[in-house]
Amino acid sequence: MGYRSEVVIAVTEDHADRISKFLADADKVAKNDLGTYFYYKSVKWYSDYEEVENTMEALSYIPEDEYGFIRTGEDPEDIETQGSPYDFGLWATISISLPDCLED
């Protein structure tokens, strides 16, 4: 199965069309007043994958205050951020997954 990450990328509307060609296979795409969001629930996000490399290179041309990127891995300390994710209402949290017997 391989190591999986959760990834969200948000960009202002000025950059949404340009970046969307790199993010066409996102699990969910949504918009609000802050921008357009591309979300991947469980993806193999390896820097040596061509799609990932192209996406990250495209983001490097966008001013840091006009995009937000967060990637969390399977390990609790594996969190990567770029740009200004907080400006888009994005942040990473660590939580505990509970067994069914503890769920309400």
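A few points about this structure:
- A Cβ distance below 6 Å, combined with a sequence gap of six or more or placement on separate chains, defines the contacts here; from region 7-35, residues that are touching a residue at least 60 places away in the same chain (Cβ under 8 Å) reach no residue that is part of a strand (DSSP E or B) and among the acidic types (Asp, Glu).
- Enumeration of residues in region 59-101 that are surrounded by 12 or more Cβ atoms within 10 Å (Cβ to Cβ), over 18 Å from SER5 (Cβ atoms) and either of a type in the set (Asp, Glu) or modelled with pLDDT under 95 (or both): GLU64, GLU66, ASP87
- Filtered residues of region 58-104 (kept if in a helix (DSSP H, G or I) and either closer than 20 Å to TRP45 by Cα or touching an Asp or Glu at 6+ places or on another chain (Cβ under 9 Å) (or both)): ALA58, LEU59, SER60, ASP65, GLU66, PRO85, ASP87
- Subset of region 42-55 (residues that are surrounded by 15 or more Cβ atoms within 10 Å (Cβ to Cβ), in contact with a Ser or Thr (Cβ under 7 Å, 6 or more places away or on another chain) and not in a strand (DSSP E or B)): TRP45
- Residues satisfying the stated conditions in region 12-29, i.e. surrounded by fewer than 12 Cβ atoms within 10 Å (Cβ to Cβ) and hydrophobic (A, V, I, L, M, F, W, C): ALA24
The values are calculated or read from the model by the stated rules, or taken from the named source; none is laboratory data. These numbers come from a predicted model, not from an experiment. Positions of Cβ are generated from backbone atoms using ideal geometry, with glycine treated the same way; all protein chains shown enter the neighbour counts.
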